[in-house]
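Here's the structure we're looking at; comments come further down.
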Amino acid sequence: MSAARLALRLTLTLAAPPAALASLAAQHVDRRMAVDPHASIRILDLAGAIHVSGWDRDSVTVTGTVPRGAGRFYAGGSRAGIKLGVESDSLGAPGVDLDIRVPRGATVWIKSSSATVELTGVEGDVDIATVSGDIRAEGAPRRISAEAMDGDIELTTRAAITRAKTAGGSITITGGGGDVTAASVSGAVRYTGAHKLLVGRLESVTGSVTFEGTVIRGGTLAIETHDGPVEVRVPPGQATRFELTSFGGAVTNALAGTEPVVPKGKPVRFTNGEGNAGAASVTVRTFKGNVRIGGT
Amino acid sequence: MNCERVRELLERWPAGPIPAGEAEAFERHLAGCAACREDQADATLLAPAVAALPGGIEPPRDLWPHIRSRIARPVSRASRWRMAGLAAAAAVALVTGSSAVTLHFARSRPAAVPAPRVPAIEAGYASATADLLRALEAQRSRLSPTTIATLERNLAVIDAAIAESRAALAGDPGNRDLEALLWAGYRQKVALLQQATRLAERS
């Protein structure tokens, strides 16, 4: 190769458009697929962020950017169900941000390693699992299950069945209603219900548990902690049977306007509001957490 | 029709349809009563969940032999996970030895063993925990070091709670609330291990 030709090649390389170089570093994703209104959508993304929103169209769209080294984007399936995500062999791969729209009535299954998951406007069944990412969901899914190992879970939803579980993170449920189970090992569990609870189970080993809402007539709420404090706030006039036990903590009943001295380890039983028949049932059991009952 | 009758009907609805003779009064009442409309909305929301509930749960006829064989199963080779769990439990036992709550029970009552059913149930949980730890060990490479650290930290938290509940129950055998707290600890441990295994499998 002559010196002149070498110089020309070097010049062309250096003058290459930035976009052409960028394409070597990242893969732009822009896909659209037609699906049924109640299609099953499975989403897998190891790291980054997943935003899923329901819309009134019978199609799924995916947009995002896959950085170099993050893996390979894939999507496939039929009208009844599709699977999409980023395939990578490395737990330390760069994060991928995916913006996904699905039919409002779709069943959505999401799995990630460290990605933050945000979901809104989906009315079918929802199942979200992430290891260390956070989960946030809004809307009225039929049923929702959210699991994280170390991430926080925040659900502003109204579902018939709600399941939330995290080991080290906190759980915040706003809206609620129906059948709710929320469990954390060392994080706080907070429930603020705008809708009536039918069956509730809230538990944390060392974290606090706070409930503010209404349990439907004949419904039950059970709260358990080991040493996390418990606070329950219910409408003062609602008929509710309470059974409260703390072996090492104090039990305070601010609902009745008194704060009785309760021997530790002895259950405290009383009924609030009018009438025992059809009353809601609230049971709190803790090893050494303090318990406080108050009005909303 | 009054609110009480509407609620009675809603408690059976939608499985039990509104009787034809009361349908019109029912609708008329709903139209003018916001509280009952809210109750109807709740009933509508809960219908799928109620419909999904099983009519009854029949245990398998051979349940007991299965449980017995699991209790009798020899202890397997200790894995790193189990060693970590044992180390955490041992550390926890030392810490909980000074627990005021535990001391309260130890001092106020003579030493006693838990009710006879407690060891059998504990053995069942121990077997389930050992199985899950084995399964998790096989998937360990799929979890990041951070996740493993989180898991071990939270297992130690649960083991500490179990140790305290167990010591208190030994001082007050037959106390149903203490038993419930002990079972809650075991249940949480099994649930955490199941969750970790599930997450590793899906990774």
Please enumerate the residues belonging to the range A:180-198 that are more than 9 Å from chain B (Cβ to nearest Cβ) and among the β-branched types (Val, Ile, Thr). A:Val180, A:Thr181, A:Val189, A:Thr192
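Could we say that B:Ala167 is at pLDDT below 95, assigned to a helix (DSSP H, G or I) and out of contact with any Gly (no Cβ under 9 Å at 6 or more places or on another chain) here? Please lay out each step first, then the result.
Values: at pLDDT below 95: yes; assigned to a helix (DSSP H, G or I): yes; out of contact with any Gly (no Cβ under 9 Å at 6 or more places or on another chain): no.
When the stated conditions are applied, B:Ala167 does not pass them.
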Within the range B:1-35, track down each residue that is surrounded by 16 or more Cβ atoms within 10 Å (Cβ to Cβ) and modelled with pLDDT under 75. B:Trp13
Residue among A:Thr210, A:Thr252 that is outside any loop (DSSP other than H, G, I, E, B) and over 20 Å from the mean Cα position of the chain (by Cα): A:Thr252
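Any residue that is hydrophobic (A, V, I, L, M, F, W, C), more than 9 Å from chain A (Cβ to nearest Cβ) and surrounded by fewer than 16 Cβ atoms within 10 Å (Cβ to Cβ) - is there at least one of those in the range B:136-143? Outline the logic, then answer.
Just the residues of the range B:136-143 that are hydrophobic (A, V, I, L, M, F, W, C), to begin with: B:136, B:138, B:143.
Cutting the leftovers down to more than 9 Å from chain A (Cβ to nearest Cβ) gives us B:136, B:138.
If we keep only those that are surrounded by fewer than 16 Cβ atoms within 10 Å (Cβ to Cβ) too, we end up with B:138.
Yes: the range B:136-143 contains one or more residues that are hydrophobic (A, V, I, L, M, F, W, C), more than 9 Å from chain A (Cβ to nearest Cβ) and surrounded by fewer than 16 Cβ atoms within 10 Å (Cβ to Cβ).
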Go through (1) within 24 Å of A:Lys266 (Cβ to Cβ); (2) at the interface with chain A (Cβ under 9 Å from one of its Cβ atoms) and name the single condition B:Leu182 misses. (2)
Quick one: how many residues across the range A:127-147 are under 19 Å from B:Glu201 (Cα atoms) and either buried (at least 19 other Cβ atoms within 10 Å of the Cβ) or polar (S, T, N, Q) (or both)? 9
Taking the condition closer than 26 Å to A:Gly92 by Cβ, at pLDDT 95 or above and of a type in the set (Lys, Arg), does A:Arg72 pass? no
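Specify the residue that is nearest to A:Leu244 (Cα to Cα); the eligible residues are those in the range A:276-293 that are modelled with pLDDT under 90 and small (Gly, Ala, Ser).
At the first step, the residues of the range A:276-293 found to be modelled with pLDDT under 90 are A:276-279.
If we keep only those that are small (Gly, Ala, Ser) as well, we get A:277-279.
Values: A:Ala277: 19, A:Gly278: 19, A:Ala279: 16 Å.
For the range A:276-293, the residue satisfying everything is A:Ala279.
Filter the range A:152-179 for residues that are under 22 Å from B:Ala149 (Cβ atoms) and at the interface with chain B (Cβ under 10 Å from one of its Cβ atoms); which is surrounded by the fewest Cβ atoms within 10 Å (Cβ to Cβ)? Talk me through it step by step, then tell me what you get.
Start the filter on the range A:152-179 by keeping residues that are under 22 Å from B:Ala149 (Cβ atoms), which leaves A:152-153, A:165-171.
The next check asks that each one be at the interface with chain B (Cβ under 10 Å from one of its Cβ atoms); those that pass are A:165-169.
Values: A:Lys165: 24, A:Thr166: 31, A:Ala167: 29, A:Gly168: 22, A:Gly169: 27.
By that ranking, first place goes to A:Gly168.
In the range A:32-69, what residues are more than 24 Å from A:Thr130 (Cα to Cα) and in contact with a Ser or Thr (Cβ under 8 Å, 6 or more places away or on another chain)? Don't jump to the end; show me each part of the working.
So the first thing to find is which residues in the range A:32-69 are more than 24 Å from A:Thr130 (Cα to Cα), and the list is A:32-37, A:56-59.
Listed by number, the residues that qualify are A:Arg32, A:Met33, A:Ala34, A:Val35.
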Of A:Gly200, A:Gly187, A:Gly207, A:Gly124, the only residue that is surrounded by fewer than 23 Cβ atoms within 10 Å (Cβ to Cβ) and either touching a Pro at 6+ places or on another chain (Cβ under 8 Å) or modelled with pLDDT of 95 or more (or both) is A:Gly124
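The values are calculated or read from the model by the stated rules, or taken from the named source; none is laboratory data. Just so it is clear, the structure is predicted and the values come from calculations on it, not from any experiment. Reconstructed Cβ throughout: ideal geometry from the backbone, glycine too, with neighbour counts over all protein chains shown.
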